[in-house]
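Every read-out reported here was derived from the displayed coordinates using simple, explicitly stated rules and does not represent laboratory data. These figures come from a predicted structure and were not determined experimentally. Don't worry about glycine lacking a Cβ; one is built from the backbone with ideal geometry, like all the others, and counts go over all protein chains shown.
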Number of protein chains: 2
Amino acid sequence: MAKKNELIKGSIDSLLLCVIVQQPIYGYQIIKELEKRSQGYFKFKEGTLYPALHRLEKAGLIRGEWQTLPNGRQRRYYHITENGLNILAAKRGQWLDFLTAMNLIIQPVPK
Amino acid sequence: MAKKNELIKGSIDSLLLCVIVQQPIYGYQIIKELEKRSQGYFKFKEGTLYPALHRLEKAGLIRGEWQTLPNGRQRRYYHITENGLNILAAKRGQWLDFLTAMNLIIQPVPK
DNA sequence: GCATAACACCTAGTATCACTATGCACAATA
DNA sequence: TATTGTGCATAGTGATACTAGGTGTTATGC
């Protein structure tokens, strides 16, 4: 059964923060942005993204604000909070640690 | 509240296969081996390891065999199967892909 | 001698979380 | 006109790593 990639689990929060930290951005655009930047690797579904955004907002790492477009439609723009910045820095460190540990085990493609 | 590291999810199978592929080894020793090789980063609990081993065995990626030690005690040694070798190769590739994608997003520690 | 840690296996229950599927609403395109 | 794209949202599901507990033996510390 092996899902496509269980590795992704636990990485979403970091990915979202990485995108949001660069500019206020709304949900739908985040999906597009992550797909573009990862050269098509990350293709999150709305069912994955929105709950994650709500989680992050509830945790105080990001803050969302509704904005009304000229045509009357609404978008919810997220920006990162002070706390979010700290957590993002920590998460980058965690990623490096994890990466290092994984490579110590998985790399040895002795051959 | 942000578990220590959700990134680990999805990586266990690969880690186990990486260790088992090098030598027949038993559960308890796998924990020690992963901790040693990762310089203390990976410290899996039995409650994580044994179900994972059973899962891999059920999937046909590894095979376990009970061995009786001179003192009469028993250990279950696991070795990798042909299918396990293939999956391991695939998982190594998946790891590289994931790694690449993650770095494209997370790396930009501009500054 | 006795208690604690280490060895070595196991399971049940829980929480998390990314997924599928679905819904609403409007705009643009085919 | 029908489909695709934009933009938000939730309910339900499945996978999985965790906590917490259990069994029994051996080695170490006090």
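Listing for the model above:
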item	result
Across the identical copies, how the A:Lys9 labels are spaced - nm, sorted shortest first, 7 Å along Cα→Cβ	0.5
Copy-to-copy label separations for A:Asn71, where each label sits 7 Å from Cα toward Cβ, in nm and ascending	7.5
Formal net charge of residues neighbouring B:Ile106 (Cβ-Cβ distance under 11 Å; K, R +1; D, E -1)	+3
Chain A, closest residue to the rotation axis toward B, by beta-carbon, whole angstrom	A:Lys9, 2
Nearest 10 degrees, 0 to 90: helix B:82-106 Cα axis against chain B principal axis	20
Principal-axis tilt of helix A:46-58 within chain A, Cα atoms, nearest 10 degrees	80
Distance from segment B:34-52 to segment A:29-63 (C-alpha centre basis), Å	30
Relative exposure of A:Lys45, A:Lys91, judged by other C-beta atoms within 10 Å (fewest first)	A:Lys45, A:Lys91
Cα-Cα separations in the protein assembly as shown greater than 23 Å, expressed as whole percent	54
Cα extents of segment A:1-82 along the three principal axes, largest first (Å)	45, 28, 22
Estimated 222 nm signal from helices in chain B, with DSSP H stretches of n ≥ 4 weighted -39500 (n - 2.57), rounded to 500	-17000 deg cm²/dmol
